[in-house]
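The values are calculated or read from the model by the stated rules, or taken from the named source; none is laboratory data. In this text the structure is predicted, and so the values were computed from the model without any measurement. Using ideal geometry, Cβ is built from the backbone for each residue, glycine included, and neighbour counts are taken over all protein chains shown.
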Amino acid sequence: MRLLKNNYPIIIIFDKEGRSDCFDVVATALENAIRAQEIQDVEIIIGVPDRMFENWMLADIESVKVHYKLDSKVNQENYESLNGKSKIRSIIGSNLKYSETQDGPDIFLLCRKKIMAQNSLSFKCFLESVSELDCQWVKSEMDAGETS
């Protein structure tokens, strides 16, 4: 991180996984651990999905269904704290596969930030923390999956 201080902010997405602490407590502990390494002059933004990155995508279940071209009647639920990878695999069924590195980014870019923030408190907090960044993803006025 010391080498990256001219490339800021540094954004870290750190899965909460099975930790019992709330996502915001995990984020604070991680930032404190980083700062304890005498890394003070670097802007760091930490997002902690409750439980894993896939939970954020499940916060907009329609985008998961669009990616896999599913007609299923899976409704939006609160997927926070569940095993997101397992939930995606159960939703898409055994005929389709989910790859974290291939499908994950594609689904995430389809997801509608407003919907995700409504259905995931951990994502809402992350979105608020990056809202002022000069970033195409943050500044996009219309999410990829939305129509006017």
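The rows are residues; the columns are (1) more than 17 Å from residue 15 (Cβ to Cβ); (2) in contact (Cβ under 8 Å) with a residue 24 or more places away in the chain.
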{"site": "56", "(1), (2)": "no, yes"}
{"site": "66", "(1), (2)": "yes, yes"}
{"site": "69", "(1), (2)": "yes, no"}
{"site": "84", "(1), (2)": "no, yes"}
{"site": "115", "(1), (2)": "yes, yes"}
{"site": "120", "(1), (2)": "no, yes"}
{"site": "129", "(1), (2)": "no, yes"}
{"site": "135", "(1), (2)": "yes, no"}
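Screening 61, 34 for residues that are within 24 Å of residue 109 (Cα to Cα) and not basic (Lys, Arg) leaves exactly one candidate, 61.
Answer yes or no as to whether residue 15 is surrounded by 15 or more Cβ atoms within 10 Å (Cβ to Cβ), of a type outside the set (Phe, Trp, Tyr), out of contact with any His (no Cβ under 8 Å at 6 or more places or on another chain) and touching a residue at least 40 places away in the same chain (Cβ under 8 Å).
Numbers: surrounded by 15 or more Cβ atoms within 10 Å (Cβ to Cβ): yes; of a type outside the set (Phe, Trp, Tyr): yes; out of contact with any His (no Cβ under 8 Å at 6 or more places or on another chain): yes; touching a residue at least 40 places away in the same chain (Cβ under 8 Å): no.
Criteria not met by residue 15.
Evaluated against (1) part of a loop (DSSP other than H, G, I, E, B); (2) at pLDDT below 95; (3) out of contact with any Cys (no Cβ under 8 Å at 6 or more places or on another chain), residue 145 falls short on exactly one condition, (3). Contact map, region 94-107: first residue farther than 16 Å from residue 83 by Cβ, second residue among the acidic types (Asp, Glu) and surrounded by 12 or more Cβ atoms within 10 Å (Cβ to Cβ), Cβ cut-off under 9 Å, separation 6 or more or different chains; pairs are 97/103; 107/54; 107/60. Tallying residues that are within 30 Å of residue 78 (Cα to Cα) and in contact (Cβ under 8 Å) with a residue 24 or more places away in the chain within region 28-52 yields 9. For residue 137, the conditions (1) in a helix (DSSP H, G or I); (2) modelled with pLDDT of 95 or more are fulfilled apart from (2).
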